[in-house]
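The values are calculated or read from the model by the stated rules, or taken from the named source; none is laboratory data. Since this is a predicted model, take the numbers as computed values, not measurements. Backbone-built Cβ (ideal geometry, glycine too); neighbour counts: all protein chains shown.
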């Protein structure tokens with residue numbers, strides 16, 4: 001489960017409620033494309049904006065619609081006891097694994113971050129993915145903190161925020177992380193523009209934003225990368241370079257939502273306020289890029 | 001209401017539930033000391049760690065226990081619609097004003113921050129304090145954004161994160177902010193070590209962490225500062241300098257909770273996990289400082 005392409009679907013809203021029909025459509029699209037796993041309620045799935053009941057329902061819909069594809073569910077929240085309840089909910093919904101980012105309001109010490117993972121893993125019966133996403137959590141992991149947490153029971157994978165853009169430096173970085181981890185813990189790259197380089201550098205899995213909405217385009221990167229054809233992976237990633245540039249400028253969530261809205265996969269204005277969609281001119285640019293790439297529903 | 005000392009009480013937990021008796025005790029202590037207002041559920045009151053029902057209950061307890069002292073209630077949350085519900089709850093509980101920080105998970109643009117305040121103020125019937133707290137919200141306000149938001153209905157005060165430490169520079173900074181605001185909007189300093197300088201520089205109110213737990217010590221700073229005796233205010237602040245140093249190193253929340261626990265105002269381990277209290281040696285230092293300052297319950 002912790003190899004290949006893990007696709008992170010959006011959780012589209014409509015009039016401030018989860019658009020269940022559109023969500024099921026997104027999951028079915030991922031299953032049809034043949035992704036290796038689905039991660040519901042990641043950052044792309046707006047988990048931090050949804051309440052416990054909404055998150056439980058989304059987890060149930062994802063598992064029910066995913067067939068044989070394993071579903072991981074994001075359980076991050078600010079308070080440890082809520083994370084524990086969300087873990088229970090996810091497991092009851094049938095999640096194959098859970099994903100935990102140490103989200104913060106008060107800045108957390110390393111010991112507090114470790115304590116969170118210790119408290120949560122103590123009650124788990126499924127594997128856990130450590131979600132290192134400093135841009136949203138404002139927690140910076142050291143390799144030593146990775147090592148402490150990876151030694152806890154149930155920890156199966158670490159989602160790292162990216163790798164250096166040069167292949168040799170990326171390989172060195174991944175080897176350095178791997179030296180701190182048990183052999184049983186996989187390393188997953190995130191930051192979609194880094195995926196081809198990261199998988200080529202030895203990452204086992206790509207935790208992918210774009211894979212949740214454009215799974216064919218993501219598989220065109222992950223499959224050659226993981227079968228050793230780095231050149232084909234690089235070319236498939238380069239093909240999406242205009243999207244990666246928009247990701248860097250406007251954030252992957254807003255751009256991906258604009259793509260999904262353009263393709264009619266979700267209704268307009270699908271993001272949780274106060275987050276808003278792209279301005280009309282950038283939205284038009286997204287549409288032009290999608291059309292030029294022959295991306296269709 | 002938006003002048004003088006606004007005291008921010010802790011919301012103490014006990015076994016992961018709000019310790020209501022201890023909370024009421026904190027509020028009554030503030031009333032007895034004669035603070036000018038009480039802000040329940042600020043950052044010091046751990047608002048982001050509590051659920052809607054807990055926050056509603058805390059707001060009710062604060063208003064009920066505060067007698068004639070006006071109570072402001074923090075309504076920040078990640079999703080606009082939840083902020084709106086929390087505003088309704090606070091107003092039904094009898095809050096005299098609400099306090100709103102634009103907390104973020106996805107990084108917000110200035111237009112999104114403005115949109116949040118626009119959406120929330122549209123449904124208010126009490127005044128609103130804009131809560132600028134970049135260390136926890138990861139939103140950076142410009143003076144132009146202050147101006148746009150201050151022009152919205154119901155906006156009554158802005159809580160700024162601090163001022164330059166030198167009096168002349170502080171006065172210049174406060175004047176520059178004031179030039180962007182309507183005359184009806186007060187400016188409040190936060191960051192307790194900056195309070196004496198900030199009030200001397202023309203701030204109208206001190207939104208105070210320490211004032212929620214040690215109101216006498218805070219009033220010893222705010223009263224002379226606001227009556228023009230800057231030297232006495234400076235001396236009263238300097239007296240707490242060892243506390244301010246610990247605030248900078250460990251965060252004001254952990255240090256203030258340690259003081260309240262040392263004084264027996266709240267039970268041990270009063271912070272919401274994953275946030276933990278100070279380590280034993282720093283906790284012992286806090287106790288020594290409190291004793292040396294003759295701080296008592």
Return a yes/no flag: does segment A:266-277 have any residue that is over 29 Å from residue B:139 (Cβ atoms), at pLDDT 95 or above and crowded, with 20+ Cβ neighbours inside 10 Å. no
Looking at (1) assigned to a loop (DSSP other than H, G, I, E, B); (2) touching a helix residue (DSSP H, G or I) at 6+ places or on another chain (Cβ under 7 Å), which one does residue B:217 not meet, given that it meets all the others? (1)
With surrounded by fewer than 19 Cβ atoms within 10 Å (Cβ to Cβ) and closer than 26 Å to residue B:47 by Cβ as the only criterion, which of B:248, B:254 stands out? B:248
Kindly indicate whether any position in segment B:178-194 is out of contact with any strand residue (DSSP E or B) (no Cβ under 7 Å at 6 or more places or on another chain), closer than 25 Å to residue A:106 by Cα, crowded, with 20+ Cβ neighbours inside 10 Å and touching a residue at least 24 places away in the same chain (Cβ under 8 Å). yes
Need at least 1 residues that are under 26 Å from residue A:134 (Cβ atoms) per element, so show me which helices (runs of 4 or more DSSP H) inside segment B:95-207 make the cut, counting only ones lying wholly within it. B:110-121, B:134-137, B:143-150
Pick from segment A:253-268 the residues that are free of Cβ contacts under 8 Å to residues at least 60 places away in the same chain and more than 11 Å from every other protein chain (Cβ to nearest Cβ): which of them is nearest to the chain's Cα centre (by Cα)? A:255
Can you tell me which condition residue A:56 does not meet? The list is (1) more than 12 Å from chain B (Cβ to nearest Cβ); (2) within 30 Å of residue B:116 (Cα to Cα); (3) touching a strand residue (DSSP E or B) at 6+ places or on another chain (Cβ under 8 Å), and all the others hold. (3)
Got a sec? Which of B:176, B:237, B:208 is away from chain A (no Cβ under 14 Å) and under 15 Å from residue B:36 (Cβ atoms)? B:208
Return the total of residues in segment A:29-41 being surrounded by fewer than 24 Cβ atoms within 10 Å (Cβ to Cβ) and in a loop (DSSP other than H, G, I, E, B). 2
Given the conditions (1) more than 18 Å from the chain's Cα centre (by Cα); (2) within 12 Å of chain B (Cβ to nearest Cβ); (3) surrounded by 21 or more Cβ atoms within 10 Å (Cβ to Cβ), report the number of the one that residue A:82 does not fulfil. (3)
Pick out the one residue from A:76, A:67 that is in a loop (DSSP other than H, G, I, E, B), touching a residue at least 12 places away in the same chain (Cβ under 8 Å) and surrounded by 23 or more Cβ atoms within 10 Å (Cβ to Cβ). A:76
Scanning segment B:152-171 for residues that are surrounded by fewer than 20 Cβ atoms within 10 Å (Cβ to Cβ) and over 23 Å from residue A:138 (Cα atoms) gives B:152, B:153, B:154, B:156, B:164, B:165, B:166, B:167, B:168, B:169, B:171
Identify all residues within segment B:42-51 that are outside any helix (DSSP H, G or I), closer than 20 Å to residue B:91 by Cβ and in contact (Cβ under 8 Å) with a residue 24 or more places away in the chain; write none if there are none. B:42, B:50
Can you work out which of the residues in segment A:125-151 that are within 14 Å of chain B (Cβ to nearest Cβ) and over 19 Å from residue A:208 (Cβ atoms) is surrounded by the fewest Cβ atoms within 10 Å (Cβ to Cβ)? A:140
So, in segment A:1-28, of the ones that are more than 16 Å from the chain's Cα centre (by Cα) and assigned to a loop (DSSP other than H, G, I, E, B), which residue ends up surrounded by the most Cβ atoms within 10 Å (Cβ to Cβ)? A:19
Residues (away from chain B (no Cβ under 12 Å) and free of Cβ contacts under 8 Å to residues at least 12 places away in the same chain) located in segment A:270-291: A:280, A:281, A:284, A:288, A:291
So which residues in segment B:86-114 are in contact (Cβ under 8 Å) with a residue 12 or more places away in the chain and facing chain A (nearest Cβ under 10 Å)? B:101, B:102, B:103, B:104, B:105, B:107, B:108, B:113, B:114
